[in-house]
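**Student:** Sharing a structure here in C-alpha cells format.
The values are calculated or read from the model by the stated rules, or taken from the named source; none is laboratory data. As the structure is a prediction and not an experimental result, all values here were calculated from the model. All Cβ positions, glycine included, derive from the backbone under ideal geometry; neighbour counts span all protein chains shown. Each accessible area value is taken on the protein alone, full model and side chains, heavy atoms only, with ligands, DNA and RNA left out. Shrake-Rupley method; radii C 1.70, N 1.55, O 1.52, S 1.80 Å.
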Amino acid sequence: MRVLVISDIHANLSALEAVLDVAEAYEAVWCLGDLVGYGPDPNECVEVVRSLPNLLCLIGNHDQAAIGMIPLS
C-alpha cells in the first residue's frame, strides 16, 4: 500500500494543494497534525484533508490549541 504522509500544513491551502498535485498515486493518507495555525485557510485545509482516502490524522499542538485542549500560551 502506498501512503502519502503530510504534516505541518498550518492552514496554508496553496502549499497543501501543491503537494497533492505532485504526489504520486497513493491509497491512504497519514496526516501527522498541525492542520491549523499561522496560515489564512484553516477551514479549507481541514475540508481538503478530510476528503482524502483512507485518512489517519493525528492531532498536533496547534490543532489542540485551536479547540481549547491546551492553552494558547
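**Student:** Name the residues in segment 28-60 that are in a loop (DSSP other than H, G, I, E, B), more than 20 Å from Ile70 (Cβ to Cβ), in contact with a strand residue (DSSP E or B) (Cβ under 9 Å, 6 or more places away or on another chain) and open to solvent by less than 90 Å² (accessible area, probe 1.4 Å), would you?
**Tutor:** Listed by number, the residues that qualify are Leu52, Pro53.
**Student:** Return the residues of segment 14-27 that are closer than 29 Å to Pro71 by Cα and either in contact with a Ser or Thr (Cβ under 8 Å, 6 or more places away or on another chain) or exposed (fewer than 14 other Cβ atoms within 10 Å of the Cβ) (or both); say none if nothing qualifies.
**Tutor:** Residue satisfying the conditions is Ser14 alone.
**Student:** Determine, yes or no, whether Ala11 is in contact with an Asp or Glu (Cβ under 6 Å, 6 or more places away or on another chain) and open to solvent by less than 80 Å² (accessible area, probe 1.4 Å).
**Tutor:** Considered against the rule, which asks whether it is in contact with an Asp or Glu (Cβ under 6 Å, 6 or more places away or on another chain) and open to solvent by less than 80 Å² (accessible area, probe 1.4 Å), Ala11 comes out as yes.
**Student:** Among the residues that make up segment 64-73, is at least one of them modelled with pLDDT of 95 or more and either in a strand (DSSP E or B) or among the acidic types (Asp, Glu) (or both)?
**Tutor:** No.
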